[in-house]
Amino acid sequence: MEVPAAPQMLELIRALPAGAPLLHALGQQPGVYLVGGAVRDLLLGGRPLDLDLVVDGDAAAVSARIGEVVAVHDRFGTSTVRLDGFTYDVARARRERYPHPGALPEVDPAGIEEDLRRRDFSVNAIAVALGGAEAGEPTAVSNALEDLDGRLLRVLHERSFIDDPTRLMRLARYASRLRFEIEPATRVLAADAIRAGALWTASGPRIGAELRLLVREPDPVAALIAIRELQLDRAIHPHLGLGDEELARRAMALLPEDGRPDRLALALAARAVPGPELRGLLDSLAFAAGDRDAIVSAAADSDELARRLSAASRPSEIARAVDGAGAEAVALAGALGPADGARAWLERLRHVALEVGGEDLLAAGVPEGPAVGRALDAALAAKLDGVAVGRKAELAAALRAARETG
């Protein structure tokens, strides 16, 4: 890997969507650095969208110079700034101390070199000056550029996973996304930390935040395989883990565009976790109620849903088998066997809607009450099966059902 000369590096940054307005706003302001994943991805030939900045100096003044400050986090000396539709995270260069394993760090101002030494992996510990005499020049910790060239993930010190065990989750996430190898000594340190129970010295919400990021990777199945290879899934829960990659790939292929791959990925990994335990685990990890319920439903109900779908042949029977299940549950059930029925529901049948409604039945003399709902269900079944085509036929089917059930 060839590191561009300073002028070329600045031009690469300027060519990024968020790069040109940033450099224009900063001018020749010294002491401001592009850092972390943006520099890593840029050197790998990518075009990063999110630009993180570190200021060796007055970060508040730099933030105000860039644009509108929309959030400030005093504890860590960071802020979020908006400029021309782009947002930038701006942080004061700092050193960190961990009062005990898994704790949030205590921070003090420091220089850029010390700031880089506090980071998770060497390939993320590279900075590029954006102004001043060193504009375009990289600053990096030892081995950073060599590890990036060798596509290796290496921690910066032996206590890295003990101080901040969420780095274990990030190790798996970067390994799966970047397809980097884990440096041998780092792999040993990770295994030792996992065996020692380091992960749960961090709070549940912090672990949950990292788990959500992991399953929101472009390939969540690969991310789950990465935590399985580290045995990190079992550290979260003894029965959590992706057991069947082919099943997972089939389920992801069935999931429609409006489905949630992250929910489906966790449901696949949690199929062996009893429902009540899974609900409690997700609560402890601070999952939103809607996400929790969708994951638990897909994980716990997919086998029974697959059985019902296998027994369904007519479109109305498929709809009855689904019975309100979410897209993730249907995709998982379909991957277990009845793929054609699941696909029919996800791609076509779930979008079928009646042209008539309850008010039409009331106007036709059907008394208000449960009979209206049952009649509409019957009309929808007839429409799904091609028996009732058009508004008049739907209304006739609904009224016939109302009379039969009345």
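The values are calculated or read from the model by the stated rules, or taken from the named source; none is laboratory data. In this text the structure is predicted, and so the values were computed from the model without any measurement. All Cβ positions, even for glycine, are placed from backbone atoms using ideal geometry, and neighbour counts span all protein chains on display. Protein only, heavy atoms only, side chains kept; ligands, DNA and RNA dropped before computing areas. Shrake-Rupley method; radii C 1.70, N 1.55, O 1.52, S 1.80 Å.
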Do any residues in region 69-94 that are closer than 20 Å to A18 by Cα have Cβ atoms under 9 Å from those of residues that are assigned to a helix (DSSP H, G or I) and among the β-branched types (V, I, T), where the two are at least six apart or on different chains, and which pairs are they? V81/V62; V81/I66; R82/I66; L83/I66; Y88/I66; V90/V62; V90/I66
Criterion (open to solvent by 10 Å² or more (accessible area, probe 1.4 Å), within 22 Å of L53 (Cα to Cα), in contact with a helix residue (DSSP H, G or I) (Cβ under 9 Å, 6 or more places away or on another chain) and outside any helix (DSSP H, G or I)) met by exactly one of E158, E134: E134
Condition first: surrounded by fewer than 24 Cβ atoms within 10 Å (Cβ to Cβ) and over 25 Å from the mean Cα position of the chain (by Cα). Now tell me which residues in region 102-115 satisfy that. E106, V107, D108, P109, A110, G111, I112, E113, E114
Verdict on S142 being more than 12 Å from L34 (Cα to Cα) and either more than 27 Å from the chain's Cα centre (by Cα) or modelled with pLDDT under 95 (or both): yes
Determine if region 46-66 includes at least one residue that is open to solvent by less than 10 Å² (accessible area, probe 1.4 Å), touching a residue at least 40 places away in the same chain (Cβ under 8 Å), touching a helix residue (DSSP H, G or I) at 6+ places or on another chain (Cβ under 6 Å) and closer than 29 Å to I207 by Cβ. yes
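Conditions (1) more than 25 Å from N143 (Cβ to Cβ); (2) in a strand (DSSP E or B); (3) open to solvent by less than 70 Å² (accessible area, probe 1.4 Å), marked per residue:
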| site | (1), (2), (3) |
| --- | --- |
| E2 | no, no, no |
| I13 | no, no, yes |
| A38 | no, no, yes |
| V70 | yes, yes, yes |
| R82 | yes, yes, no |
| Y88 | yes, yes, yes |
Among L211, L240, the single one that is in contact with a helix residue (DSSP H, G or I) (Cβ under 8 Å, 6 or more places away or on another chain) and free of Cβ contacts under 8 Å to residues at least 60 places away in the same chain is L240
Unique match (being out of contact with any Asp or Glu (no Cβ under 6 Å at 6 or more places or on another chain) and modelled with pLDDT under 95) among D303, D340, D323, D293: D323
Scan region 40-52 for residues that are out of contact with any Asp or Glu (no Cβ under 7 Å at 6 or more places or on another chain) and in a strand (DSSP E or B) and jot them down. L51
Quick one: is P7 open to solvent by 20 Å² or more (accessible area, probe 1.4 Å), part of a helix (DSSP H, G or I) and over 11 Å from V128 (Cβ atoms)? yes
Which pairs have Cβ atoms under 6 Å, sit 6 or more apart or on different chains, and link a residue in region 290-303 that is of a type in the set (K, R) to one that is assigned to a helix (DSSP H, G or I) and open to solvent by less than 40 Å² (accessible area, probe 1.4 Å)? R292/L282
What number of residues within region 223-248 are under 20 Å from A298 (Cβ atoms) and not in a loop (DSSP other than H, G, I, E, B)? 11
I194: within 19 Å of the chain's Cα centre (by Cα) and part of a helix (DSSP H, G or I), yes or no? no
Which one is farthest from L145 (Cα to Cα) among residues in region 15-32 that are under 31 Å from the mean Cα position of the chain (by Cα) and open to solvent by 20 Å² or more (accessible area, probe 1.4 Å)? P21
Of the residues that sit in region 264-294 and are of a type outside the set (A, V, I, L, M, F, W, C) and open to solvent by less than 50 Å² (accessible area, probe 1.4 Å), which one is nearest to the chain's Cα centre (by Cα)? D291
Specify the residue that is nearest to A396 (Cα to Cα); the eligible residues are those in region 356-384 that are assigned to a loop (DSSP other than H, G, I, E, B) and open to solvent by 50 Å² or more (accessible area, probe 1.4 Å). A364
All-but-one check, A235 against (1) of a type in the set (A, V, I, L, M); (2) open to solvent by less than 10 Å² (accessible area, probe 1.4 Å); (3) more than 19 Å from D291 (Cα to Cα), failing number (2)
